Amino acid sequence: MPIMDNIDDKSLTSSTTQYNNKTSSLSIKDGHLVDQYNRTVILHGLNVMNKQIPYTLSTIGFDSRNIKFIKQYGFNVIRLGIFWDAIEPISGTYDVGYLNDIKATVISLSNAGIYTLVDFHQDNYGKKTAGSGFPDWATIIPGNDYLRAVGYPLSTYGFQNVPASMPTDWNWDKFWNNQITTNRLGLQDSYADMISYVINYFKNTKSIIGYDLMNEPFPGSSWTSCKQGFMDFTIGCKNFDEVDLTIFYNQLIAKINDIDKTKILFYEPNALSAMGAPILIKKINGTNLGICFHNYYDDDPMLIFKQLYDQLQVNRVLPFMGEFGAAVTSLPQLQTIADIADQYQISWTEWAYFNNPPYKISGNSGSDGRDQGIVYDMRLPLLPNNVQFDRLHALSRPYPQMIAGDSIDYRYQARDKSFYLHFRVTNDHGKPITSNPISVVYVPDFQYHVDYIVHITGAIATKSSQDPQILYIHNSGAKYVNLQLTPR
């Protein structure tokens, strides 16, 4: 049992156990997520999606067993990818059966206390360009054998000496120019109509925190102007970001902002920002907005956070790290990125719980992409030959899932497994900051086994009888709470 110097063994209140049973509505306040009691919410999670027809998670084995496994390791959010190709396989016709299946998954996650961020996902445009996401009818220029042979993500880039890869870039050019298609609508107009339909469909699904409006939008053939040397993107995509992407997001958000005001609309930087390009998007108008950024610049994981900070001076929105890892990041780097996110109290979802792309991954190994997932096959037993437990353990760490206060500071040190949390309980006028005085801290049992020491001041620590990995912190009237957790 954990040793605590200030512990209350009383039964848990209904407001305490409510968190574990179901998700509650969230909103944005001062750049943070808060619940209905004004408690700050931190989300750690994973990406989950099915990139192959019929695109539903139920057909690839994502079930209550996998959800329980995810919950066991302290993850409380899923970035759930859905695909335009599945939503609107025929122009103007939406597949409600597909959305029904996705909604059932969202509800199952909610029942386990896990939130959902719906991600409108694409990679390399669509099937016709050896990718996934955009439907065939929205693909103006078909791909070729080279795209299939070189694999993603190299198939995205059209080098001058490899013009065979240009169809992907040309299709993006058509999209940014709002090319008219067979339905007599521009591509961007059709995309906006599709997103409007989906948001209206999920309108009353409270556990959805928001929508990632497009995964990794790509500049098209203008991408070569964004680099100084081979894969050096530090100058950024000034014209694309300031004009094409800014206009696209402003027009899209203006169309959909009033459909469901309770959900957060996340815009993404262009795809090259994940590899070091500065985010040069100009002012985005709308309410309840966030930015979902990716971090694959392993030479300096802090650089992406610096780029994010610059963008937050232009658009003061909620930051969310939607992707990092992807099997290209070493375990120490994974922990470093998570450490930096803790420092700035940024919620995140790692790539990925599972991955099954219908295309080859670029590289000499000719990977099928499954190694990017923590789990290789969700239908099989979740045992070492099917689970990358080293990556899972590097991601699962102590963290406050809900904090009944503000001026928050927390950090975890992997080398000695120590965790520190500090926050303020009352405001400058001595009034409680939250109407629910209970904070929730996840403590992974695979690290601490049930044998750890808690030193706490300003509050009472209560171990959960329902979930031994949850530690409740009950404010006791002091102005500040300090907690330190160490292995015995």
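Each reported figure results from applying straightforward, stated rules to the coordinates on display, with no laboratory input. Not measured: the values here are computed from a predicted model. FYI the Cβ positions are ideal-geometry reconstructions off the backbone, even for glycines, and counts take in every protein chain you see.
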- prompt: If you take the beta carbon distance between D416 and S465 as r and set R0 to 25 Å, what does 1/(1 + (r/R0)^6) give as a FRET efficiency, to the nearest 0.05?
  reply: 0.30
- request: Determine ³J(HN,Hα), in whole Hz, for all residues of the range 246-251 in sequence, where each value follows from phi through the Karplus function 6.51 cos²θ - 1.76 cosθ + 1.60 and θ = phi - 60°; x replaces Gly and Pro.
  value: 5, 5, 4, 5, 5, 5
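Tally Lys/Arg at +1 and Asp/Glu at -1 over every other residue whose Cβ is under 13 Å from the Cβ of N124; what's the total? Please list the in-between numbers first.
On the way: positive: K51, K127, K128, R148, K360; negative: D85, D123, D169, E216.
Charge balance in the 13 Å sphere: +1.
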query: When ranked by the protection proxy of mean other Cβ atoms within 10 Å per residue, highest first, what sequence do the peptides 77-89, 373-385 form?
result: 77-89, 373-385
task: Find the cysteines in the chain that fail to meet the 4.7 Å Cβ criterion with every other cysteine, and list them.
output: C292
field: Which labelled figure in [x] 64, 25, 20; [y] 43, 27, 17; [z] 39, 23, 22 is semi-axes √(5λ) of the Cα gyration tensor in Å, once derived from the coordinates
entry: [z]
query: Using the count of nearby Cβ atoms within 10 Å as a rough guide to exposure, how do S196, S110, S190, S273 rank from fewest to most?
result: S196, S110, S190, S273
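With Rg and the Kirkwood Rh both taken from Cα atoms, where does Rg over Rh land for the range 37-93?
Working: Rg = 14.9 Å, Rh = 13.4 Å.
Rg/Rh for the range 37-93 comes to 1.11.
What FRET efficiency, computed as 1/(1 + (r/R0)^6) with R0 = 41 Å and r the Cβ-Cβ distance, is obtained for S64 and D258, rounded to the nearest 0.05?
Details: r = 36 Å, r/R0 = 0.87.
The calculated FRET efficiency here is 0.70.
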field: Net +/- balance of residues flanking N204 in space, Cβ distance below 12 Å, scoring K and R +1, D and E -1
entry: +3
statement: Residues meeting the amide H criterion for Q401 (H placed from the backbone, H to H distance under 5 Å, 5 or more places apart or on another chain) are V440, V441, Y442
- request: Treat the count of other C-beta atoms within 10 Å as a stand-in for reagent exposure and order K263, K227 from fewest to most.
  value: K227, K263
query: If R0 is 45 Å, what FRET efficiency do you get for N111 and D145 from their C-beta distance, rounded to 0.05?
result: 0.45
- prompt: How do T349, T205, T182, T139 line up, fewest other C-beta atoms within 10 Å first?
  reply: T182, T205, T139, T349
message: Using a Cα-Cα cut-off of under 14 Å, which aspartates and glutamates could be cross-linked to K463, ignoring same-chain neighbours fewer than 8 residues away?
response: D5, D8, D9, D445, D451
- prompt: Can you list the HN-Hα couplings for the range 111-128, worked out from phi with the Karplus curve (6.51, -1.76, 1.60; θ = phi - 60°), rounded to whole Hz and with x for Gly and Pro?
  reply: 4, 9, x, 10, 7, 10, 10, 7, 10, 7, 9, 8, 9, 6, 6, x, 4, 5
statement: Per-residue ellipticity at 222 nm attributable to helices in the chain (runs of n ≥ 4 DSSP H, -39500 (n - 2.57) apiece, nearest 500 deg cm²/dmol) works out to -7000 deg cm²/dmol
- request: Looking at the range 42-397, send over the antiparallel percent of its DSSP beta bridges, to the nearest 5.
  value: 15
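Full extension from R184 to Q251: what is 0.36 nm times the residue separation minus their Cα-Cα distance, to one decimal in nm?
Numbers: separation 67, 0.36 × 67 = 24.12 nm, distance 1.86 nm.
Full extension of this stretch gives 22.3 nm more.
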query: Taking the alpha-carbon centroid of each part, what is the distance from the range 401-442 to the range 319-365 in angstrom?
result: 26
